[in-house]
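Participant: This is the structure, below, for whatever I ask next.
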Amino acid sequence: GIPTINTEGSTTSLTNANPASGFSIVKWVGTRPSSDTIGHGLGLTPKMIIIKNLSISSDWTVYAESEGATKHGILDTTTAWVSNNGAFNNTTPTSNVFTVGGDGFTNGLGNNIIAYCFADITGYQKIGSYTGTGVAGNSVVTGFEPAFLMVKRVDSTSAWNIQDNKRNTTNPRTSVLQANASDL
């Protein structure tokens, strides 16, 4: 669709939202050191938000509902989730806005920032968490067969493993991608 000007938050954003698929792309100019609310256009509460500061060399900052707004993941590293109130200002997203704090990666002054927001859509998209057992063959109930799956351990270092239904599933080297790696 065509991006629209969104004035729902304290900072105006340019939003391209598809509520039916639970996905929006949001762009704004950061105001650090202020915290801001940013309109995302979904009309649904995002369960995951991935943010990138386009103006500087920076990490991809990740909000996940299961971890809360006092922590964030770093998509391009294997780092465990980080406790930090600067990224999301300790504020849980709503159906209209999400909050960014004074962190330069999520709200750098005068910087172009982009966010990818994901909400649950029954039978189409599910964002959540589970507790692993360390034994192969565990299953997680989504209510549908996913075409794309991304998994990241939050309490320790690990890769952001991505699997989909298009790659060669019989060769582990080509069947799994890692968001934090540049070789695949």
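The values are calculated or read from the model by the stated rules, or taken from the named source; none is laboratory data. None of these values were measured; they are calculated from a predicted model. All Cβ positions, even for glycine, are placed from backbone atoms using ideal geometry, and neighbour counts span all protein chains on display. In case anyone asks, the SASA skips ligands and DNA or RNA and just uses the protein heavy atoms, side chains included. Shrake-Rupley method; radii C 1.70, N 1.55, O 1.52, S 1.80 Å.
Participant: Looking at (1) 18.9; (2) 17.1; (3) 22.3, which value of Kirkwood radius over Cα pairs in Å comes from a calculation on the structure shown?
Facilitator: (2)
Participant: Between Ala115, Ala20, Ala87, which gets the highest mean-square fluctuation from a Gaussian network model of the chain, Cα cutoff 10 Å?
Facilitator: Its mean-square fluctuation being the largest, the pick is Ala20.
Participant: Treating only the Cβ of Lys, Arg, Asp and Glu as charged (+1, +1, -1, -1), what charge dipole size does region 1-151 show about its Cα centre? Round to the nearest 20 debye. Please list the in-between numbers first.
Facilitator: Details: 6 positive and 9 negative charges, 21 e Å.
Here the size comes out at about 100 debye.
Participant: Which listed residue (Gln178, Thr133, Val62) has the Cα farthest towards the positive end of the charge dipole for the chain, taking +1 on Lys and Arg C-beta and -1 on Asp and Glu C-beta about the Cα centre?
Facilitator: Looking along the dipole axis, the top candidate is Gln178.
Participant: Please compute the contact order of the chain in relative form: average sequence separation of alpha-carbon pairs under 8 Å and at least six residues apart, divided by the residue count, as a percent.
Facilitator: Values: 459 pairs, mean separation 40.1, N = 184.
In percent, rounded to a whole number, it is 22.
Participant: Kindly provide the helix-only [θ] at 222 nm of the chain, computed as the sum of -39,500 (n - 2.57) over DSSP H runs of four or more divided by all residues, to the nearest 500 deg cm²/dmol?
Facilitator: On the way: 3 runs with 12 residues, N = 184.
Roughly -1000 deg cm²/dmol at 222 nm, from the helical runs in the chain.
Participant: Could you name the lysines in cross-link range of Lys71, using Cα to Cα under 23 Å and dropping any fewer than eight places away on the same chain?
Facilitator: Lys27, Lys47, Lys52, Lys126, Lys152
Participant: Out of Asn138, Asn168, Asn18, any idea which swings most in a Gaussian network model of the chain, alpha carbons joined below 10 Å?
Facilitator: Asn138
Participant: Further question: Tell me the per residue accessible area of the chain using a 1.4 Å probe; a whole number in Å² is fine.
Facilitator: Accessible area per residue, the chain: 54 Å².
Participant: Can I ask one more? How large, in percent, is the carbon and sulfur part of the accessible surface of region 43-184 at a probe radius of 1.4 Å?
Facilitator: Details: 3880 of 7770 Å².
Here carbon and sulfur together make up 50 percent of the probe-accessible area.
Participant: Let me ask you something else. Contact order normalised by length for region 85-160, with contacts defined as Cα pairs under 8 Å and 6 or more residues apart; what percent is it? Let's see the in-between values first.
Facilitator: Details: 54 pairs, mean separation 11.6, N = 76.
RCO, region 85-160: 15 percent.
Participant: Then there is this: What is the distance in Å between the Cα centres of region 12-82 and region 117-135?
Facilitator: 18 Å
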